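Reading through the structure tokens given below for one structure.
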Amino acid sequence: MYARCLALFLLPAFLLPAAPKKTVATARGENEDLVLTVTLYIDPAGVKGMIGSDLDGHYIVADVKVQPKYGKEISIDRDDFQLRTDKDGEKTKPFAPSQIAGSGGLVIKQAPTRTTSPGVTLGGGYPDGYPGGYPGGYPGGYPGGYPGGYPGGATVGTGGGGDDSGDVKATVHNPATEKENPIKKVLEDKVLPEKKTDQPVSGLLYFAMEKQKMKDLELTYGGRENRIAMRFK
């Protein structure tokens, strides 16, 4: 009888829905020079609400307010901030808008490649290197490479065989030939400014981190002697 009553008493607790995941939280901290108030947005929907894009779910956004104390002039440097997770110890500094949404830059991708002479990889060019199969590359060994670039577009790589491989290779895109990413201006307009000031300043910081729980995150600011550490629960 007792067991039946206990089961009836506990049943509603099991039927209650799980608490929703906390995706927005605010924390406050201070040192001798300033007061920090920070709100973290850790899910793509919250990030999109702040900047109009979810950044493909790869970033956490911090809305930061810096308030100097006693009229002191302070120097704001975004590199003084760091986000760390207890999940695996990962740490990251804020990314600049140009790093997130800049045109051009280094693109890392995995694709089948073919190699001719050491250090030269043809991607989409002649299937077996330069016609005639020169084992050492183009005759004469142009120091600056093939005049006008290798046919089909060559990229720097490694390897010594003519077979396909799945090696990761890097290609550099020319910014002059690409359109400006429209989200870049939004990120620049909203980012926390870097400057000297004795007045309150606010703005956003963009951390390359994803799939985190709020309770695992710690934001730190400043050096060891005057550091502010903030937890979000």
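The values are calculated or read from the model by the stated rules, or taken from the named source; none is laboratory data. Worth saying up front: this structure is predicted, and the values here are computed from it rather than measured. FYI the Cβ positions are ideal-geometry reconstructions off the backbone, even for glycines, and counts take in every protein chain you see. Keep in mind that these areas ignore ligands, DNA and RNA; they rest on the heavy atoms of the full protein, side chains included. Shrake-Rupley method; radii C 1.70, N 1.55, O 1.52, S 1.80 Å.
Look at (1) at pLDDT 90 or above; (2) touching a Gly at 6+ places or on another chain (Cβ under 8 Å); (3) open to solvent by 30 Å² or more (accessible area, probe 1.4 Å) and you find that Lys195 fails only one, number (2). Put simply, of Lys48, Lys72 the only residue that is without any contact (Cβ under 8 Å) to a residue 40 or more places away in the chain and not hydrophobic (A, V, I, L, M, F, W, C) is Lys48.
Within segment 177-204, the residues that satisfy the criterion of being assigned to a loop (DSSP other than H, G, I, E, B) and under 12 Å from Ala96 (Cα atoms) are Leu192, Pro193, Glu194. Could you list, in sequence order, all residues of segment 205-216 that are assigned to a strand (DSSP E or B) and farther than 13 Å from Pro44 by Cα? Result: Leu205, single match. In segment 179-192, the count of residues that are touching a Ser or Thr at 6+ places or on another chain (Cβ under 6 Å), at pLDDT 95 or above and open to solvent by less than 40 Å² (accessible area, probe 1.4 Å) is zero. Might you let me know whether segment 28-45 holds any residue that is buried (at least 17 other Cβ atoms within 10 Å of the Cβ), touching an Asp or Glu at 6+ places or on another chain (Cβ under 9 Å) and part of a helix (DSSP H, G or I)? Yes, that holds for at least one residue.
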